[in-house]
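Peer 1: Encoded as structure tokens, here's the structure I'll be asking about.
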Amino acid sequence: MIKKFIEFVETLSESKHKNDDKPNKTDDGKKVSGLKEVIEVVGLGKMKAKLDSGNTAQCALIVQNFEEKDGKVTFDFNGEKKEYEVVDHKNIWHHGKSTERPVIELDIKFHNTIYKSEKVNLKISDLTGTKHYRCRMLLSKQFMSRANIVIDPSKTFELTDKKELKKKKDKNA
């Protein structure tokens, strides 16, 4: 009896590992992602992103500060000065107040697909702890719809591997 139970448990374990490389899908074919995933922003690199289903506006890139002048916006990103053309402005209602944010276009690579000219607003926020737990980008509901994904909030890094972030650090060491 114990031998059969052990065989049963081993069978379950083997079948789980066989499917680890295959993302779960819903009945309507949507991929199931975790609350956080790794994305790559062309020109900025790989970073953690939070899939924010409450965000109906646009994706947001978290920066500490930015300066807007003559239709362009500049900001520091991981020690490098970046400059982008401002394509729009978006009023965002957040924490009981409305703020106007500049909008830029970025190419975002997620789960082996590049999403061209994605409109992204710049959100000013403290970056303390970003390396360990915070995300540099919030992905909007519209982005998730285009990417054909739904979120399992009890999981993280379902479609991507968090170790991809460490690889970049190792190369620069």
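Peer 1: Would region 61-70 turn up any residue that is under 29 Å from E164 (Cβ atoms), free of Cβ contacts under 8 Å to residues at least 60 places away in the same chain, surrounded by 13 or more Cβ atoms within 10 Å (Cβ to Cβ) and in contact with a Lys or Arg (Cβ under 8 Å, 6 or more places away or on another chain)?
Peer 2: Looking through region 61-70, none of the residues is under 29 Å from E164 (Cβ atoms), free of Cβ contacts under 8 Å to residues at least 60 places away in the same chain, surrounded by 13 or more Cβ atoms within 10 Å (Cβ to Cβ) and in contact with a Lys or Arg (Cβ under 8 Å, 6 or more places away or on another chain).
Peer 1: State which residue is nearest to F110 (Cα to Cα) when the search covers only region 1-56 and only residues that are hydrophobic (A, V, I, L, M, F, W, C) and modelled with pLDDT under 85.
Peer 2: Checked region 1-56; the qualifying residue nearest to F110 (Cα to Cα) is L12.
Peer 1: Is there any pair with a first residue in region 115-129 that is touching a residue at least 60 places away in the same chain (Cβ under 8 Å) and a second that is of a type in the set (K, R) whose Cβ atoms are under 6 Å apart and which are 6 or more apart or on different chains, and what are they?
Peer 2: N121/K90; N121/R101; L122/R101
Peer 1: If you don't mind, another one. Are any residues in region 35-60 assigned to a strand (DSSP E or B) and surrounded by fewer than 19 Cβ atoms within 10 Å (Cβ to Cβ), and if so, which ones?
Peer 2: Residues satisfying the conditions are E40, G45, K46.
Peer 1: Same structure again: With the requirement that a residue be more than 16 Å from V41 (Cβ to Cβ) and hydrophobic (A, V, I, L, M, F, W, C), what does region 76-94 give you?
Peer 2: Within region 76-94, V86, I92, W93 qualify.
Peer 1: Filter region 130-153 for residues that are in contact (Cβ under 8 Å) with a residue 40 or more places away in the chain and among the hydroxyl-bearing types (S, T, Y); which is nearest to G71 (Cα to Cα)?
Peer 2: S140
Peer 1: Quick check on my filter: what residues within region 117-135 are at pLDDT below 95 and either surrounded by 15 or more Cβ atoms within 10 Å (Cβ to Cβ) or of a type outside the set (K, R) (or both)?
Peer 2: K123, I124, S125, D126, L127, T128, G129, T130, H132, Y133, R134, C135
Peer 1: Any residue at all in region 69-81 that's under 13 Å from the mean Cα position of the chain (by Cα) and among the hydrophobic types (A, V, I, L, M, F, W, C)?
Peer 2: no
Peer 1: Identify all residues within region 87-116 that are under 22 Å from D70 (Cβ atoms) and surrounded by fewer than 17 Cβ atoms within 10 Å (Cβ to Cβ); write none if there are none.
Peer 2: Across region 87-116, the qualifying residues are V87, D88, H89, K90, N91, T99, E100, E105.
Peer 1: Do you know which residues across region 72-106 are in contact with a Gly (Cβ under 8 Å, 6 or more places away or on another chain) and modelled with pLDDT of 95 or more?
Peer 2: Of everything in region 72-106, those that are in contact with a Gly (Cβ under 8 Å, 6 or more places away or on another chain) and modelled with pLDDT of 95 or more turn out to be K82, E85, V86, L106.
The values are calculated or read from the model by the stated rules, or taken from the named source; none is laboratory data. Just so it is clear, the model here is predicted, and its values are computed rather than measured. Don't worry about glycine lacking a Cβ; one is built from the backbone with ideal geometry, like all the others, and counts go over all protein chains shown.
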